[in-house]
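In what follows, a structure is listed as structure tokens, so that the remarks can point back to it.
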Amino acid sequence: MASWKELREKQPNVVKMLTNSFAKDRISHAYLFEGGAGTGKKEAAIQLAKTYFCQHTDGIEPCLTCKDCKRIDSRNHPDVFFVEPDGQSIKIQQIRQLQKEFSYLGLESKKKVYILEHADRMTNQAANSLLKFLEEPGKMTIAVLLTEQVQHILSTIYSRCQVLSFRPLSSMNLLERLKEQNVENRLARLASALTNDMTEALELSESEWFAQARSIVLQLTEELKDRPHQALISIHDKWLSHFKEKDQIDLGLNLLLFWYKDLLLTQIQDEQNIVYLDQRDILERYALQLTKKRISDNMLAILEAKRRLAANTNPQFVMEKLVLRLREG
Ligand SMILES: [Zn+2]
């Protein structure tokens, strides 16, 4: 259960628009909420339904305790409908069923809300059927279409909706959400540093490959510092056999980049943004021994390696050259 106040922290612009519409009694009859997974689209749609039905709102905040609020939360409200893909797509039968429900007057009021998840997965027939429905809405009906793939929404649908874009989660927000999913802190920090996408972050955090990638990178940083001769051997024995594809090597280089960034953060005592927080003791030791200039040079070397890799230079060559630069001095 969320409140507009909580949602506002995550999506200030969207929430401002929606709450203003309620305050001025200018609710749109068709909304399209677009944005990545985990950005709060569904939460906002449910919140909108509650604000619409609740008769005990405090300003725009629904009371969360009345019959309407509770039934919306438990998905049992007779006038709030959820449609999601049946298998791969949302089919025309599902839209027809929805229209049938709407042909009855509201059971308890004339208000109705329907929330269509993954609206981009409507078949063409389903979308065309919905279109007619959007064109002649009952005055008290609100349609909320949700999508992660706005480019796949038919332009005829798009143009009839008020489109609200949900911005990517900040890494702090994402981190919290990963922790709610019981992802280990050390992996959650790393995944949320890599991506803004909740689905992708979860997939990474749950893969054994990713946990191993983290260990290999940490081992390399230790070798570069304390056993420089070993580093080049490890590149051949471990790195290149684990990071095989180009995008995997690029990910590995990003993990390495975070290490040096962490060293800079350690030097300025900005603990909150450190990615390898469980390595704090080692970070502190290294941060004392390396100059800021040296750390920055290492980061530049990694960025250079990423560029060369993107330009299709042989990965083994790129990695060897990088290791030689990182262990200098
Ligand atoms: Zn209520």
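Where a number appears in this text, it was derived from the coordinates with a stated rule and is not lab data. Being a predicted model, the structure only gives us computed values, none of them experimental. Every residue, glycine among them, receives a Cβ derived from its backbone with ideal geometry; neighbour counts consider all protein chains shown.
With only Lys, Arg, Asp and Glu charged, each at its Cβ (+1 for the first two, -1 for the last two), find how big the charge dipole of the stretch 225-302 is about the Cα centre; round to the nearest 20 debye.
Here the size comes out at about 300 debye.
To make sure I understand, if each residue's beta carbon is the centre and we count other beta carbons within 10 Å, what order do LEU18, LEU145 fall in, fewest to most?
So the ranking, lowest neighbour count to highest, is LEU18, LEU145.
When ARG167, ARG177 are ordered from fewest to most other Cβ atoms inside 10 Å of their Cβ, what list results?
Details: ARG167 15, ARG177 19.
Listed from fewest to most nearby Cβ atoms, that is ARG167, ARG177.
To the nearest 0.05, what FRET efficiency results for TRP209 and THR313 with a Förster distance of 41 Å applied to their C-beta separation? The partial results should precede the final answer.
Values: r = 24 Å, r/R0 = 0.58.
Efficiency computed from Cβ-Cβ geometry: 0.95.
For Cα pairs less than 8 Å apart in space and 6+ apart in sequence, what is the mean separation divided by the residue count of the stretch 4-167, i.e. the relative contact order in percent?
Relative CO of the stretch 4-167 lands at 34 percent.
Rounded if a/c is under 1.5, else prolate if a/b beats b/c, else oblate: with a ≥ b ≥ c from the C-alpha gyration tensor eigenvalues square-rooted, which is the stretch 4-167?
Cα axes put the stretch 4-167 in the oblate bin.
Mind putting a number on the dipole of the chain about its Cα centre? Charges go on the C-beta only, +1 for Lys and Arg and -1 for Asp and Glu, and I need it in Debye to the nearest 20.
Rounded to the nearest 20 debye, it is 760 debye.
Give the whole-number value, in cubic angstrom per residue, of the convex hull volume spanned by the C-alpha atoms of the chain.
Details: hull volume 54.0 nm³, N = 329.
That works out to 164 Å³ per residue.
Give the lysines reachable from LYS293 as a straight Cα distance under 22 Å; neighbours fewer than 8 places away on the same chain don't count.
In chain and number order, the partners are LYS225, LYS261, LYS306, LYS321.
Ranked highest first by the average count of other Cβ atoms within 10 Å around their residues, in what order do 90-98, 237-245 fall? Write down the numbers at each step before the final one.
Values: 90-98: 18.2, 237-245: 14.7.
Ranking, from highest mean packing down: 90-98, 237-245.
Between their Cα atoms, which of LYS16/LYS70; LYS91/LYS246; LYS42/LYS111 are more than 29 Å away from each other?
From LYS16/LYS70; LYS91/LYS246; LYS42/LYS111, over 29 Å: LYS91/LYS246.
How much of the DSSP beta bridge set in the chain is antiparallel, as a percent to the nearest 5?
Around 10 percent antiparallel, to the nearest 5.
If each residue's Cβ is checked for other Cβ atoms within 10 Å, how do MET198, MET172, MET122 rank with the fewest at the top?
Values: MET198 21, MET172 11, MET122 28.
The fewest-first ordering by Cβ neighbours comes to MET172, MET198, MET122.
Determine the percent antiparallel among the DSSP beta bridges restricted to the stretch 4-167, to the nearest 5.
That works out to approximately 10 percent antiparallel.
Helix by helix, which DSSP H runs in the chain go 30 Å or more along their axis at the Cα atoms and have an average Kyte-Doolittle hydropathy of -1.0 or more?
Span-like helices, by this rule, are 246-267.
Order these peptides, 20-31, 199-210, by their mean beta-carbon neighbour count within 10 angstrom, highest first.
Numbers: 20-31: 13.9, 199-210: 16.2.
Sorting 20-31, 199-210 by mean packing, highest first, produces 199-210, 20-31.
Given R₀ = 41 Å, what would the calculated FRET efficiency be for GLU271 paired with ASP73, taking r from the Cβ atoms and rounding to 0.05?
Approximately 0.65, to the nearest 0.05.
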